[in-house]
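Visitor: I'd like to ask some things about the structure below.
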Amino acid sequence: MMRFVLAALVGVLCLHVSWAELEAQPAGQAVLEDFTAKDADGFPKEWKAQHGEGKAKQSYTVQLDGAQPFLAVRKADQRIYKRNISWAPKAMPVLTWRWRLKAAPAGAEPIAAVFVSLDTDLMVIPVSNKYVWSSTKAKGTTTEGGMFGASEIILRSGPQPIGEWIEERVNVYEDFKRIHQHEPADKAWGISLQGGPGVEVDFGSLTVSSH
């Protein structure tokens with residue numbers, strides 16, 4: 001009986017913490033990732049490597065800018081991803097993030113990219129749009145992906161500015177419908193982040209909002 005009561009009390013406390021966290025979030029806004037959680041190697045928790053985890057942990061590390069955590073990407077040869085994000089893109093279509101270029105070799109392509117997967121196809125392959133900071137491609141260029149590739153939207157062009165945080169805001173729901181010609185799933189599939197070859201770039205927190 002005592003064990004049952006203790007279990008019930010723990011459940012109530014957990015619910016209380018969960019409700020408090022939800023109440024603390026502004027209405028119509030949710031944090032997808034703030035890089036406050038990391039493993040012993042500094043790799044962000046609940047993220048996975050596209051290919052080799054050992055190499056990814058050398059390239060992607062959580063660091064601090066004063067008291068603010070961010071993800072530092074150094075000379076990555078792959079992207080990392082986070083699945084099963086509890087987020088309804090139709091209700092909260094606007095994705096916001098910050099990125100900061102530290103260094104990029106001439107012609108590096110891309111400089112950085114954020115992949116947003118709002119659905120999967122019949123083979124459970126993610127249907128994604130890739131928002132790109134490009135070295136050479138013109139801002140606003142959109143290229144449709146193939147069966148296994150993400151469609152590409154160029155948000156920023158050229159290796160400038162250096163060392164400055166830049167905020168991006170995109171309506172991922174409208175972009176998905178425009179490019180893929182159908183509604184996305186009710187819940188998003190995941191987010192991926194990528195630094196280009198030889199590039200040193202940082203990512204700040206990612207949030208979604210209703211407007």
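The values are calculated or read from the model by the stated rules, or taken from the named source; none is laboratory data. It should be emphasised that the depicted structure is a prediction, and the values quoted were computed from it without experimental measurement. Counting neighbours? That spans all protein chains shown, and the Cβs are built from the backbone with ideal geometry, glycine included.
Visitor: Please tell me if A185 is surrounded by 17 or more Cβ atoms within 10 Å (Cβ to Cβ), of a type outside the set (V, I, T), over 19 Å from L101 (Cβ atoms) and within 19 Å of the chain's Cα centre (by Cα).
Guide: no
Visitor: I would also like to ask the following. From the list A108, A138, A185, A150, pick out the single residue that is in contact with a Phe, Trp or Tyr (Cβ under 8 Å, 6 or more places away or on another chain) and hydrophobic (A, V, I, L, M, F, W, C).
Guide: Exactly one residue qualifies, and that residue is A150.
Visitor: Among (1) surrounded by fewer than 16 Cβ atoms within 10 Å (Cβ to Cβ); (2) out of contact with any Asp or Glu (no Cβ under 7 Å at 6 or more places or on another chain); (3) within 30 Å of Q68 (Cβ to Cβ), where does A138 come up short?
Guide: (3)
Visitor: Across the range 120-154, what is the number of residues that are closer than 18 Å to Q194 by Cα and either of a type in the set (A, V, I, L, M, F, W, C) or touching a helix residue (DSSP H, G or I) at 6+ places or on another chain (Cβ under 6 Å) (or both)?
Guide: Matching residues across the range 120-154 total 9.
Visitor: Within the range 104-115, restricting attention to residues that are of a type in the set (G, A, S) and within 11 Å of G195 (Cβ to Cβ), which residue is surrounded by the most Cβ atoms within 10 Å (Cβ to Cβ)?
Guide: It comes out as A112.
Visitor: Let me ask something additional. Please enumerate the residues belonging to the range 31-70 that are β-branched (V, I, T) and touching a residue at least 40 places away in the same chain (Cβ under 8 Å).
Guide: Result: V31, single match.
Visitor: Oh, and also: Tell me, yes or no, whether the range 50-58 has at least one residue that is part of a loop (DSSP other than H, G, I, E, B), modelled with pLDDT under 95, surrounded by 14 or more Cβ atoms within 10 Å (Cβ to Cβ) and on the phi < 0 side of the Ramachandran plot.
Guide: yes
Visitor: Further question: Among the residues of the range 121-154, which ones are under 17 Å from the mean Cα position of the chain (by Cα) and in a strand (DSSP E or B)?
Guide: If the condition is that a residue be under 17 Å from the mean Cα position of the chain (by Cα) and in a strand (DSSP E or B), then P126, V127, S128, N129, K130, Y131, V132, W133, S151, E152, I153, I154 are the ones that fit.
Visitor: Using beta carbons and a limit of 9 Å, which pairs, at least six apart or on different chains, have the first residue in the range 162-174 and farther than 19 Å from A91 by Cα and the second one outside any helix (DSSP H, G or I) and among the small types (G, A, S)?
Guide: I162/A103; I162/A104; W165/G204; E167/G204
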